[in-house]
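Engineer: Could you have a look at this structure, given as structure tokens, before my questions?
The values are calculated or read from the model by the stated rules, or taken from the named source; none is laboratory data. What you see is a predicted model, and the numbers here were worked out from it, not measured in a lab. A quick note on method: Cβ atoms are made from the backbone with ideal geometry, for glycine too, and the neighbour counts reach across all protein chains shown.
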Amino acid sequence: MSKTEFHKADAKGLLDDRGYSGTLIRGQNPALLFEKGVRDRITESYYWKEQCFGLNAASLCDRAAELKFIGGTTGVMGKPTPFLCLAFKLLQLVPDKEIILEMLNFEDDGEEEDEDGQEGGSGGSRNGNGNGVSGGIQDPNALGKLGAFKYLRCLAAFYIRLAWSPVEIFTTLEPLLSDFRKIKRRTKDGFMLTYMDQFVDDLLTKDRVCATSLWKLPSRANLEDLEMLEPRESPLGDEIDMLDAEDEGENGDVQIVESDEERRRYESDDSRSGRGSRRSYYSDDDRSDRGSRRRYDSDRSRSRRRSDSRDGSEGEIRRRSSSRDNC
């Protein structure tokens, strides 16, 4: 008979140096994704011994829903935060991808019904499938749902960055860049305010987040060259095109007229189009430059006349004094 496998509540099996027989992540023990110093601080912390003992994938969601901030280690002694302890517990459990996706987009059914009753007359109501719809536009977040517990979403995104493949990381985390909710982050000195999209962007671009060294993620350009990812379309693409079109239109209104013939032709075109024949041929900047140049020339000529008159009077005085001396 084969030996029945049981889940060990503590981390002895996970941190056993003699061998690990559990689920592997990229061919290695999941605990090795955290540094040894961080692992030791987590397993010796009070939160790990009391709140993380005997957790499974279901009860861990309850603990994550109670989180009030994210962060790595705090203080001079490097005390681990509850967020980091729960992330280490996820590495010990290695849950299925469906569970992680549900944590990423978890939404309370009771709260959803209440919100439907309150937002029935507004344009931001939700449809029967739980997908956010505002004015006929589907919510761009992953799987079409906005997670009710934002720190649970942060925990799931952090685990995805640690444990999943590069293609899955980009395709799952990039839709979260449209989540602009505020989150609280614990640092060594205190707390700071950040945003969900900023945290996700740090996971995709930085090598160290929440006192954890992340494994090197291939760049998106390389994955696109290998045809493993489709080119990403920015949600701001339409607005950028509109701004470019406006800039081109403003630049097209400024025309430099070099000769009288072209000026007369421009006047006739304006009169035909109904713009008026007294339209200026230069931009406001050109008019201001010409006005300042005229003032500068007049000031120079005035100062030159004053200096010439002063030199003439001084020469007349010298001549008179020299003639007086000769006499």
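Engineer: Identify the single condition in (1) of a type outside the set (Phe, Trp, Tyr); (2) free of Cβ contacts under 8 Å to residues at least 12 places away in the same chain; (3) within 17 Å of Leu33 (Cβ to Cβ) that Asp225 does not satisfy, given that it satisfies every other one.
Structural biologist: Looking at each condition in turn, Asp225 falls short on (3).
Engineer: So, in region 70-93, how many residues would count as being in a loop (DSSP other than H, G, I, E, B) and buried (at least 16 other Cβ atoms within 10 Å of the Cβ)?
Structural biologist: Qualifying residue count, region 70-93: 2.
Engineer: Specify the residue that is nearest to the chain's Cα centre (by Cα); the eligible residues are those in region 34-63 that are outside any helix (DSSP H, G or I) and closer than 19 Å to Phe158 by Cα.
Structural biologist: So the residue we want is Phe34.
Engineer: Can I ask one more? Would you check if there is a residue in region 184-191 being under 27 Å from Glu233 (Cβ atoms), of a type in the set (A, V, I, L, M, F, W, C) and modelled with pLDDT under 95?
Structural biologist: Within region 184-191 (the criterion being under 27 Å from Glu233 (Cβ atoms), of a type in the set (A, V, I, L, M, F, W, C) and modelled with pLDDT under 95), the answer is no, since none of the residues qualifies.
Engineer: Quick check on my filter: what residues within region 179-216 are surrounded by fewer than 17 Cβ atoms within 10 Å (Cβ to Cβ) and among the hydrophobic types (A, V, I, L, M, F, W, C)?
Structural biologist: Once the filter is applied, which keeps residues that are surrounded by fewer than 17 Cβ atoms within 10 Å (Cβ to Cβ) and among the hydrophobic types (A, V, I, L, M, F, W, C), region 179-216 yields Phe180, Phe191, Met192, Leu193, Trp215.
Engineer: Also, quick follow-up: Just to verify a result, which residue in region 148-188, among those that are among the hydrophobic types (A, V, I, L, M, F, W, C) and outside any helix (DSSP H, G or I), is nearest to Thr212 (Cα to Cα)?
Structural biologist: Among them, the one singled out is Trp164.
Engineer: So which pairs qualify, if the first residue must be in region 63-85 and on the phi > 0 side of the Ramachandran plot, the second must be part of a strand (DSSP E or B) and of a type in the set (D, E, K, R), the Cβ gap must be under 9 Å, and the two must be at least 6 apart or on different chains?
Structural biologist: As it stands, the answer is Gly71/Lys184; Gly71/Arg185; Gly71/Arg186, since those pairs meet every condition given.
Engineer: For region 189-213, which positions are assigned to a helix (DSSP H, G or I) and more than 21 Å from Ser165 (Cβ to Cβ)? Reasoning before the result, please.
Structural biologist: Pass one, region 189-213, residues assigned to a helix (DSSP H, G or I): 196-205.
Result: Met196, Asp197, Gln198.
Engineer: Is it true that some residue in region 13-33 is modelled with pLDDT of 90 or more and within 35 Å of the chain's Cα centre (by Cα)?
Structural biologist: yes
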